[in-house]
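Notes follow the structure.
The values are calculated or read from the model by the stated rules, or taken from the named source; none is laboratory data. Source: prediction; values computed, not measured. Cβ placement follows ideal geometry from the backbone for every residue including glycine, while neighbour counts extend to all protein chains displayed.
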Amino acid sequence: MRPHTMAQTPAAGDVTPAVLAIGRPDFPSILIDTLRRQAGVGHCMVFALTRAGAARCLLDAGNIPTGSDLGAAYAGQFHQSDPNRDALFEGEGGAPIMLPSFAPRMYGARYRKIFFNDSDIVDKCATAIWAGDTCFYVNFYRITAQGRFADAERARLQAIAPVIGASVARHFQPAATPDQNLAALFATRAPLAALTPREQEVCRRILSGLSSEAISQELGISLHSTLTYRKRAYERLGISSQSELFGIVLRLLAGPDRLN
């Protein structure tokens, strides 16, 4: 089964904590906590793969005791025999990819023994996003005690995966250059630049984690006006949630033209 580039879909829950933790030391713990709340994820591992053939384990968080060993083994050798490898390297830069549903038959006997049987993993979902020459490969696992992902949990993962993948890519990229601040992004990059100045002000504060009430106080406008500007901005952007707004910004920041 080939991967599919995911269309923008309404997020199934609030991933704001993980987005606001980008660049902070507690990002891994907040990410796994968010994934647990939203989709019952037990463990998350992130790998950086390059077109030159290198692989690194960037993040290992959750309920698999041997996670660090698995990360080292995958980065050292097994990434080359991952059945998803071809699908990953066919991905388009900056476009989130959802990998095919997990099926044991996809994997060779040795791979299956080490990464699933011995580690007690019974189910897996994965997403990926390219930023420049690096693919950020984000894996979500469940162990025997949890059972396989329910259909509803898998659907929620698919909904939040674009924002989660972009958040991971942004967290592990080098520090932003001066022109990557939000003000410049809203001023120069489509579709954000199409918003009116007031709509941009409201959206920038939403991205900073402020509530509608706090935005009203900071801008000196009524709550009704704040909600109206937010509604108009979302309509212009073709979105319906805060998480989708995060997704647009993170994909712009993670795009190859933003990396030097």
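Return the pairs, sorted by first residue and then second, in which the second residue is modelled with pLDDT under 90 and assigned to a loop (DSSP other than H, G, I, E, B), the first residue lies in segment 100-115 and is surrounded by fewer than 16 Cβ atoms within 10 Å (Cβ to Cβ), the beta carbons are less than 7 Å apart, and the residues are 6+ apart or on different chains.
PRO100/MET1; PRO100/PRO3
In segment 213-225, what residues are touching a Lys or Arg at 6+ places or on another chain (Cβ under 9 Å), of a type outside the set (Asp, Glu) and assigned to a helix (DSSP H, G or I)?
Matches in segment 213-225: ALA214, ILE215, LEU219, SER225.
Among the residues that make up segment 192-207, is at least one of them closer than 21 Å to ALA18 by Cβ, among the hydroxyl-bearing types (Ser, Thr, Tyr) and outside the structural domain of LEU20 (by TED's automatic domain parsing)?
Among the residues of segment 192-207, not one is closer than 21 Å to ALA18 by Cβ, among the hydroxyl-bearing types (Ser, Thr, Tyr) and outside the structural domain of LEU20 (by TED's automatic domain parsing), which makes the answer no.
From the list ALA39, ALA87, ALA52, which one is under 14 Å from the mean Cα position of the chain (by Cα), in contact (Cβ under 8 Å) with a residue 60 or more places away in the chain and within 20 Å of ALA128 (Cβ to Cβ)?
ALA39
Only one of ALA128, ALA75 is touching a residue at least 24 places away in the same chain (Cβ under 8 Å), buried (at least 19 other Cβ atoms within 10 Å of the Cβ) and not hydroxyl-bearing (Ser, Thr, Tyr); which?
Just one listed residue meets the conditions, ALA128.
Taking the condition crowded, with 21+ Cβ neighbours inside 10 Å, in a strand (DSSP E or B) and small (Gly, Ala, Ser), does ALA161 pass?
Spelling it out, it is not the case that ALA161 is crowded, with 21+ Cβ neighbours inside 10 Å, in a strand (DSSP E or B) and small (Gly, Ala, Ser).
With the structure loaded, tell me whether ARG142 is at negative phi, among the charged types (D, E, K, R) and surrounded by fewer than 24 Cβ atoms within 10 Å (Cβ to Cβ) or whether it fails that test.
For ARG142, the condition - at negative phi, among the charged types (D, E, K, R) and surrounded by fewer than 24 Cβ atoms within 10 Å (Cβ to Cβ) - is not met.
How many residues are of a type in the set (Ser, Thr, Tyr) and within 23 Å of ARG156 (Cβ to Cβ) when one looks only at segment 98-133?
So the answer is 2.
Among the residues of segment 187-212, which ones are in a helix (DSSP H, G or I), hydrophobic (A, V, I, L, M, F, W, C) and more than 21 Å from the chain's Cα centre (by Cα)?
ALA187, ALA193, ALA194, VAL202
Can you give me the number of residues within segment 18-41 that are of a type outside the set (Val, Ile, Thr), touching a Lys or Arg at 6+ places or on another chain (Cβ under 6 Å) and surrounded by fewer than 22 Cβ atoms within 10 Å (Cβ to Cβ)?
Number satisfying all stated conditions: 1.
Considering only residues of segment 138-189 that are out of contact with any strand residue (DSSP E or B) (no Cβ under 7 Å at 6 or more places or on another chain) and of a type in the set (D, E, K, R), which is modelled with the lowest pLDDT?
ASP179
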